[in-house]
Amino acid sequence: MIADEQTLSRLAGNAQKGDRRAYATLLEESQGWLRRYFRRRIGPGQLDDLVQDVLLSLHAKLGTYDAKRPFLPWLAAIARYRWVDHLRRVYRNEEVTIEGFDFAEDPEQEVVAARISLERLFEYLPEGQARAIELVKIEGQSVREAAEQSGQSESLIKVNVHRGLKKLAALVEKAD
Amino acid sequence: MNEPSKTPHKDPLIDALVGDLRPVRVMKRRDGVLLVLGALAVTVAGGALWIGLRADLMSGGASPLYVIVHGLLLLLGLAAASAVVVMASPQVGAHHDAPKWAMAMVALLPLAAIATSLASGAGAEALFDRQHDLNCLTHGVGYSLLVGVVLFYWLKRGAPVSQSQAGLYLGTAAGALGIFAYGLTCPLEAMNHLGIWHVMPVAIGALVGRFAIPPLLRW
């Protein structure tokens, strides 16, 4: 079952006070949500690592959550930050594929997820930059392969990846 | 809502994190604002003790231009500092654009100083009085340090995800509040002095904050 936003906020508030039962539930719910959140924007081989990174960040930065505010936009901001960081670090020579997936199973979650999804970030990028990042950083293609597939030159692919990641980093909170 | 299991979870990471949980000190915005105001108060008090505040400050003897310039600097500093305090707690959907408008307003001051100097026929040399101008510049930068350190500490405790912007606002806030504090001791009121040399510490703070601070904020 997927907890609603109000429940997640309450769980996070209790976890801040040291309630381990609430924290365990919060982490389980967050883990499931993050898996759905990332699945289309990260290679399957990297999904577990990224979700773990975000859970560790959640643990380290739990004190920055304001229990009077919705929990998921806070978690999503951390998730996006870790995701951009991840894209910068990995995938250089890996062959990974994208799986189809159903993003949200609950109507209320669907609305929240749509507002804060990673897709929204890509909408702010020029098409060339988004395509270059998808091919090189998410699908794991080489620069040459990405150039052949997209019709961009190899140097343009490199420039677009660099500029696109820089722009994504600046959009973490803004693109809602 | 699922009841949490009393047996170990399938994921050992969750077990480890739950086992490691301790009550956390929640970062409240009010605390951040109070820290900044405290740092500003200490800076103003330090300047008052070291140099002494303008004698005409409380009697209303300062010129309207002086009041407007330092009022704008104070507002810019508070707007940027507030944004920094908020940015320590990330939130998708948060926009931190208010300080940009305050920055644009303060950016009019040097333009006005240059325009009035040129229009009066005084030329560019009227914008530069080595002794007083450099004095204000160096003191303004120096007075910005405490606010800058406090904001940096706040961000390091927090989880800023828009680090370039956070660095820019940190430097802007520190510079604006620093020169505001020093301005309370400065007897000069000419537009060519206030518009250039009381704004330059803000620009220096913004540049340092934008380019030197973000790498230090990574987490």
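Miscellaneous remarks
- Residue match in region B:80-89 (condition: part of a loop (DSSP other than H, G, I, E, B) and surrounded by 14 or more Cβ atoms within 10 Å (Cβ to Cβ)): yes
- Residues that are assigned to a loop (DSSP other than H, G, I, E, B) and buried (at least 18 other Cβ atoms within 10 Å of the Cβ) within region B:191-218 comprise B:HIS198, B:VAL199, B:ILE213, listed in sequence order.
- Residues in region A:50-67 that are without any contact (Cβ under 8 Å) to a residue 40 or more places away in the chain and either at the interface with chain B (Cβ under 10 Å from one of its Cβ atoms) or surrounded by fewer than 20 Cβ atoms within 10 Å (Cβ to Cβ) (or both): A:VAL51, A:GLN52, A:ASP53, A:LEU55, A:LEU56, A:SER57, A:LEU58, A:HIS59, A:ALA60, A:LYS61, A:THR64, A:ASP66.
- Residue check, B:HIS139 touching a Gly at 6+ places or on another chain (Cβ under 9 Å) and either at positive phi or of a type outside the set (A, V, I, L, M) (or both): yes
- Candidate set from region A:18-34 (those that are of a type in the set (A, V, I, L, M) and either touching a residue at least 40 places away in the same chain (Cβ under 8 Å) or more than 7 Å from chain B (Cβ to nearest Cβ) (or both)); member that is nearest to A:VAL136 (Cα to Cα): A:LEU34
- Looking only at residues in region B:18-44 that are surrounded by 17 or more Cβ atoms within 10 Å (Cβ to Cβ) and touching a residue at least 12 places away in the same chain (Cβ under 8 Å), the one that is farthest from the chain's Cα centre (by Cα) is B:MET27.
- Only one entry in B:ALA176, B:ALA112, B:ALA104 is surrounded by fewer than 15 Cβ atoms within 10 Å (Cβ to Cβ) and outside any loop (DSSP other than H, G, I, E, B), namely B:ALA104.
- Residues that are more than 8 Å from chain B (Cβ to nearest Cβ), farther than 15 Å from A:GLN52 by Cα and among the aromatic types (Phe, Trp, Tyr) within region A:68-85 comprise just one, A:PHE71.
- A:GLY140 buried (at least 20 other Cβ atoms within 10 Å of the Cβ), at pLDDT below 80, in a loop (DSSP other than H, G, I, E, B) and out of contact with any strand residue (DSSP E or B) (no Cβ under 9 Å at 6 or more places or on another chain): yes
- A:LEU47 vs. criteria of a type outside the set (Lys, Arg), at pLDDT 95 or above and assigned to a helix (DSSP H, G or I): no
- Qualifying residue in region B:151-171 (condition: over 18 Å from B:ILE204 (Cα atoms) and either of a type in the set (Phe, Trp, Tyr) or in contact with a strand residue (DSSP E or B) (Cβ under 6 Å, 6 or more places away or on another chain) (or both)): yes
- Close pairs (7 angstrom Cβ cut-off, 6 or more residues apart or separate chains): more than 7 Å from chain A (Cβ to nearest Cβ) and closer than 12 Å to B:GLY209 by Cβ in region B:155-168, crowded, with 24+ Cβ neighbours inside 10 Å and among the polar types (S, T, N, Q) anywhere: none
- Qualifying residue in region A:56-74 (condition: of a type outside the set (A, V, I, L, M, F, W, C) and in contact with a Phe, Trp or Tyr (Cβ under 6 Å, 6 or more places away or on another chain)): yes
- Residue count for region A:3-12, restricted to those that are touching a residue at least 40 places away in the same chain (Cβ under 8 Å) and more than 9 Å from every other protein chain (Cβ to nearest Cβ): 5
- Residue in region A:61-70 that is within 12 Å of the chain's Cα centre (by Cα), at pLDDT below 95 and charged (D, E, K, R) present: no
- If the condition is being part of a helix (DSSP H, G or I) and over 10 Å from the mean Cα position of the chain (by Cα), then region B:151-161 contributes B:PHE152, B:TYR153, B:TRP154, B:LEU155, B:LYS156, B:ARG157.
- Among the residues of region B:17-45, those that are at the interface with chain A (Cβ under 8 Å from one of its Cβ atoms), in a helix (DSSP H, G or I) and touching a Leu at 6+ places or on another chain (Cβ under 8 Å) comprise B:LEU17, B:VAL18.
- Any chance B:MET58 is under 14 Å from the mean Cα position of the chain (by Cα) and surrounded by fewer than 21 Cβ atoms within 10 Å (Cβ to Cβ): no
- Any chance A:TYR37 is among the hydroxyl-bearing types (Ser, Thr, Tyr), within 8 Å of chain B (Cβ to nearest Cβ) and buried (at least 21 other Cβ atoms within 10 Å of the Cβ): no
The values are calculated or read from the model by the stated rules, or taken from the named source; none is laboratory data. Just so it is clear, the structure is predicted and the values come from calculations on it, not from any experiment. Methodologically, a virtual Cβ is constructed for each residue, glycine included, from the backbone with ideal geometry; neighbour enumeration extends over all protein chains shown.
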